[in-house]
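Report on the structure given below.
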Amino acid sequence: MKQCTHADALPHPEPSALSETCPECLAAGTHPVQLRLCLTCGHVGCCDSSPGRHATEHHEKSGHPVMRTFEPGENWRWCFVDHVLV
């Protein structure tokens, strides 16, 4: 079973969210479907079901490997590099 090779390097405690919503969607006047939180820097971006796919864009530009859901009642994490749930 494939595992994330980046989880051990994540900061503890995890970073605080830099915003309450996706700032790129806010600037574009669009609405995110769901939100994701970068566990390296705290950037909040929209999911791949959103038109902007800003969480993925953030990973591609920054190289930050792991994000978590920023939705109430959810607690999963995703590694963009290893393509696995953490």
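The values are calculated or read from the model by the stated rules, or taken from the named source; none is laboratory data. All figures in this text were calculated on a predicted structure; none of them were measured in a lab. Virtual Cβ from ideal backbone geometry, glycine too; neighbours counted across all protein chains shown. We work out accessible area using only protein heavy atoms, side chains counted, and drop any ligands, DNA or RNA first. Shrake-Rupley method; radii C 1.70, N 1.55, O 1.52, S 1.80 Å.
Does segment 36-48 contain at least one residue that is loosely packed, with under 12 Cβ neighbours inside 10 Å and either assigned to a loop (DSSP other than H, G, I, E, B) or among the aliphatic types (A, V, I, L, M) (or both)?
Taking segment 36-48 first, the residues loosely packed, with under 12 Cβ neighbours inside 10 Å are none.
Checked segment 36-48: no residue is loosely packed, with under 12 Cβ neighbours inside 10 Å and either assigned to a loop (DSSP other than H, G, I, E, B) or among the aliphatic types (A, V, I, L, M) (or both).
Test each condition in (1) touching a residue at least 24 places away in the same chain (Cβ under 8 Å); (2) among the small types (Gly, Ala, Ser); (3) over 12 Å from Arg68 (Cβ atoms) for Ala7 and report the one that comes out false.
(3)
Between a first residue in segment 62-80 that is crowded, with 19+ Cβ neighbours inside 10 Å and a second residue that is of a type in the set (S, T, N, Q) and part of a strand (DSSP E or B), which pairs have beta carbons less than 7 Å apart while being 6 or more apart in sequence or on different chains?
none
Evaluate segment 15-32: report whether one residue or more is out of contact with any strand residue (DSSP E or B) (no Cβ under 6 Å at 6 or more places or on another chain), of a type outside the set (A, V, I, L, M) and open to solvent by less than 50 Å² (accessible area, probe 1.4 Å).
Yes, there is a match, as at least one residue in segment 15-32 is out of contact with any strand residue (DSSP E or B) (no Cβ under 6 Å at 6 or more places or on another chain), of a type outside the set (A, V, I, L, M) and open to solvent by less than 50 Å² (accessible area, probe 1.4 Å).
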